[in-house]
């Protein structure tokens, strides 16, 4: 619970900084620089830096930012990005079938290109780093020691569901999609014993949604199955191919994952 609340608090700080920045001096993205320092400070402290020295080892262990071999990291990235692409395709497919609430397209009118790029980049990093440290780092590591790896992954994914619902809406389809996403990120952290691959995949996913997916959600209109155009069926085929490829890559990653430990 503490890890979950700390994650929400970190993201709330970023939101507050961003709102203040855009209201006072939108041409200069100073909130990005401030948040970069705060994010680095949070990362270092969560990993065992500074006082109190008595908790340094436990903080480093719970952050779960263990080094990953090059081969394992590349396999994790392949599995993660293929699965992420499948989830994006699934989101696009669902947009033709049902209304997906939450995340209205941001209005970038009046902001400089520098501000837009800097804000989207930092938003992706803040979301990825804080959630992975808090959820797939601290929470997953603690639970894994008590209930085992895969059950811990499932519990963490379910625990964050109310948070997704509060910002994205409590539609069953939306919550199910986010559950799959959290299971994927949890699997990457579990199989590699590190949050480094899941941070990278998570950041790429947020960047894609902030810049490409959510801004185009309004272009997809729900309709009864069978009345969709060619675009829908292309996305269905893409989802099927990417899902199979992603599952195969995850299976390959699991076969080479280190055994035992947290």
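Quick notes on this structure:
- The single residue among 191, 180 that is buried (at least 22 other Cβ atoms within 10 Å of the Cβ) and at pLDDT 95 or above turns out to be 191.
- So residue 212, is it in a helix (DSSP H, G or I) and free of Cβ contacts under 8 Å to residues at least 12 places away in the same chain: yes
- Residues considered: 245, 187. Of these, the only one that is farther than 24 Å from residue 124 by Cα and outside any loop (DSSP other than H, G, I, E, B) is 245.
- When residues in region 17-32 are screened for being over 20 Å from the mean Cα position of the chain (by Cα) and assigned to a helix (DSSP H, G or I), 9 of them pass.
- Of the residues making up region 47-82, those that are in contact (Cβ under 8 Å) with a residue 40 or more places away in the chain, assigned to a helix (DSSP H, G or I) and more than 20 Å from residue 252 (Cα to Cα) number 3.
- Filtered residues of region 150-168 (kept if touching a residue at least 60 places away in the same chain (Cβ under 8 Å) and crowded, with 16+ Cβ neighbours inside 10 Å): 159, 160, 163, 168
- Residue in region 218-229 that is assigned to a helix (DSSP H, G or I), within 30 Å of residue 120 (Cα to Cα), out of contact with any helix residue (DSSP H, G or I) (no Cβ under 8 Å at 6 or more places or on another chain) and free of Cβ contacts under 8 Å to residues at least 24 places away in the same chain present: yes
- Of all the listed residues (42, 35), the sole one being over 28 Å from residue 143 (Cα atoms), more than 16 Å from the chain's Cα centre (by Cα) and either at pLDDT below 95 or assigned to a helix (DSSP H, G or I) (or both) is 35.
The values are calculated or read from the model by the stated rules, or taken from the named source; none is laboratory data. As the structure is a computational prediction, the values presented were derived from the model and not from experiment. FYI the Cβ positions are ideal-geometry reconstructions off the backbone, even for glycines, and counts take in every protein chain you see.
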